[in-house]
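Just below is one structure, and these are the notes that go with it.
Taken together, the values in this text are just the output of simple stated rules run on the coordinates, not laboratory data. A quick note: this is a predicted structure, and the numbers were derived from the prediction, not measured. So basically every Cβ, Gly included, is an ideal-geometry build from the backbone, and we count neighbours across all protein chains shown.
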Protein chains: 2
Amino acid sequence: LSTHGDALAPALVGIDWGSSNLRVALMDAQGRVLQRRESTAGVFSVAGGAFAAALWPLCGDWLAAHPRLPLLACGMIGSRQGVLEVPYLPCPAALGQVAQALVAAPLAWPAGTAGEGAVLHIVPGLQCGDAAQGHDVMRGEETQLLGVAQEHGRLLVLPGTHSKWVERGQAGQVLAFQTYLTGELFELLRQHSSLARVMGEPQWTPQAFDKGVAQAQVEPLEGLLFKVRTAGLMERFAATALQDYLSGLLIGAEIKAGLRRFARPLGVEPVMVLGQATLALRYARALAALGHEASVISGDVVFSGLATIAHQAGLGAGARH
Amino acid sequence: LSTHGDALAPALVGIDWGSSNLRVALMDAQGRVLQRRESTAGVFSVAGGAFAAALWPLCGDWLAAHPRLPLLACGMIGSRQGVLEVPYLPCPAALGQVAQALVAAPLAWPAGTAGEGAVLHIVPGLQCGDAAQGHDVMRGEETQLLGVAQEHGRLLVLPGTHSKWVERGQAGQVLAFQTYLTGELFELLRQHSSLARVMGEPQWTPQAFDKGVAQAQVEPLEGLLFKVRTAGLMERFAATALQDYLSGLLIGAEIKAGLRRFARPLGVEPVMVLGQATLALRYARALAALGHEASVISGDVVFSGLATIAHQAGLGAGARH
């Protein structure tokens, strides 16, 4: 680690504020993470607009020590349910446009805490589509994408509750993207559906997952889901394998749709999967089974993205370059 | 109404015993319904195997007056959760095979009630598919199908929680069928998903339903569901129209898959939709919008089916012909 110049001196508080989690990082002028903390004070769990009170326990000491530290946040904090609704930027959208469109929201710290308050800079989400065919939106993923170097390729997949497939341009700008409800459907079906009745405690069963991926290539998902139930009834798979079968069907259907929309027209290889390791490896396994090259970035890139945006916007870390 | 012979004299108790409802009918030798009753004592809500105790309040008086009246039941009562697990009949399956495969389960009436007990005859469900591609099953629908005359055509759709598309042969036998999870997905998404957050009290909005049907023909369902949420966020449709948009997407995707699997290879026209009127009319509307002839039977055919099976098996109504 180099300590010359302002490196390792706090220069920015990066905030990833999603619907169910709040994660913060103290970063230096080079965008390196010095400290990191998180809580479950996601946007949907903060009542009565008390966002400053939710944030203070995680970074109040940093701000007491460095009162002028800029705060840069991304995610659902910029939604209607957040501190302030930040308009979506239309695609194609480049880093420079994102950095120019930051919106500042004043925060008043809770009574009795040090300092008068601060300004929370919020990264805008992105939008594509139109009124005729419907829109698609993201909040937070645009920042993750800006944390991934251009050389990682033009087609990225960010699996999760609302999985995103993203097409980037040569200059790293986001050209288009598509949301799939894969993770949310998995949770709904696993927890609340008639399929759940036949499922046992999951034990990783690759052949059940692979079978699901393969079947999803040849039949529409709507007609396959009931087969998870009959696979339990008829003991085609063990009860402990049925979550993996369902996971394979859902991920397989998403990949089929995503490849058809993006990879084939673009002729793009490889697909870069960006996310939590276990889930990202499922996507990579499914892509490989379909003969498609895939790589995985499972590191935490959102803070790199926030540092990149701050730099471009001349906030904190960036101001010192 | 004719009253000659044994007509209008009780000859059979027909029982439609599904997972969440219990419906019974007292029928004469011609299969006409004389009385009808129902309760919410569905199979999943009967604890500790107390099926006789659940049935007695609905038809105890009929059986006290006519102790030798036969009882014929269909539905989930023949499943692992029911009074006795009745093996599925493989497809193709004809009426004669169904009637020969009835399974008799003795019922002991609750202490203090009249009579010693009775025998419950249970209609077997049907099965198709194989271990390689997965099975499909029905319990109860086979009886509804036997209540629909052959001249109503070869391709039938029974919409619902687990919607069924059924191909019949020239002699009315069930050749193949396919389950779609449409109704269950609608309820899960309407009640428990992130889409539910943007939905208002539903008001029938045909243009939202029709748009959903149309979009489902050109894009896979997995990529369309999130558009219900953005349609709310972007005010593409009123909040009160979003359930109809979702309904159109789901029904449209089912119809696309069903037509591709059955109608096109068979060259079959029209599609007969069999079910509760409001839902059946949605299917007919969607089929019409796609240029497909459709008819609706919204009457209650399960008791006709039970009478037909009883007749063939020589039970009650049938024994007197």
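Some points to look at:
- Normalised convex hull volume, the range A:151-191, alpha-carbon set, Å³ per residue: 48 Å³
- The angle between the Cα long axis of helix A:182-192 and the main principal axis of chain A comes to about 70°, on a 0 to 90 degree scale.
- Calculated on the alpha-carbon coordinates, the convex hull of the range B:105-225 measures out at 251 cubic angstrom per residue.
- Across the range B:14-100, Cα-Cα pairs more than 18 Å apart make up 48 percent of the total.
- Reported to the nearest whole Å, the Cα centre-to-centre distance from the range A:87-104 to the range A:286-304 is 26.
- Based on the Kirkwood approach, the hydrodynamic radius assigned to the protein assembly as shown is 27.6 Å, with every pair of different Cα atoms included.
- Nearest residue to the symmetry axis between B and A, taken on chain B by its Cβ, in whole Å: B:Leu188, 2
- The tail of the calculated P(r) for the range B:59-109, taken as Cα-Cα distances beyond 17 Å, holds 48 percent of the pairs.
- Shortest first, A:Asn21 label-point distances to identical copies amount to 4.4 nm, with the label point at 7 Å from Cα along Cα→Cβ.
- Nearest-ten-degree value, helix A:277-289 long axis tilted from longest Cα axis of chain A: 40 degrees
- Positive-pole candidate from B:Ile15, A:Ala214, A:Leu8, dipole of the protein assembly as shown, charges at beta carbon: A:Ala214
- For the range A:228-321, the spread of Cα positions along each principal axis, largest first, Å: 65, 32, 16
- Across chain A, Cα-Cα distances exceeding 28 Å account for 46% of all pairs.
- Close amide H partners of B:Ala176, meaning residues 5 or more places away or on another chain with modelled amide H under 5 Å apart, are B:Glu167.
- For A:His66, inter-copy separations between label points set 7 Å beyond Cα along the Cβ vector come to 8.7 nm, shortest first.
- Euclidean distance of C-alpha centroids, the range B:106-157 and the range A:187-204, integer Å: 26 Å
- Relative to the Cα centre, the charge distribution of the range B:29-165, modelled as +1 at Lys and Arg Cβ and -1 at Asp and Glu Cβ, gives a dipole magnitude of about 220 debye.
- Simple point charges give the picture: +1 on the Cβ of Lys and Arg, -1 on the Cβ of Asp and Glu, and for the range A:196-244 a dipole about the Cα centre of about 140 debye.
- Charge dipole magnitude, Cβ of K and R +1, D and E -1 - chain A, Cα centre, debye nearest 20: 320 debye
- Applying a 4.7 Å cutoff between beta carbons, the unpaired cysteines of the protein assembly as shown are A:Cys59, A:Cys74, B:Cys59, B:Cys74.
- Between helix A:242-258 and chain A: long-axis angle, C-alpha atoms, 0 to 90°, nearest 10: 70 degrees
- Rg in Å to one decimal, and Dmax rounded to a whole Å, for the range B:167-294 via C-alpha atoms: 15.3, 53
- Label distances, nm, A:Glu235 versus same residue in remaining copies, Cβ-directed 7 Å point: 5.9
- Placing unit charges on the Cβ atoms of the charged side chains and taking the dipole of the protein assembly as shown about its Cα centre, the candidate lying farthest along the positive direction among A:Val296, A:Leu69, B:Leu120 is A:Val296.
- For the range A:1-158, the percent of C-alpha pairs falling in each 5 Å distance bin, counted from 0 to the bin holding the largest distance, reads 2, 8, 17, 20, 20, 16, 9, 5, 2, 1, 0.
- Calculated translational diffusion coefficient of the range B:175-219 (20 °C, 1.002 mPa s; Stokes-Einstein with Kirkwood radius over alpha-carbon pairs) equals 169 µm²/s.
- Mean separation of Cα contacts under 8 Å (6+ apart) over length of chain A, as relative contact order %: 18 percent
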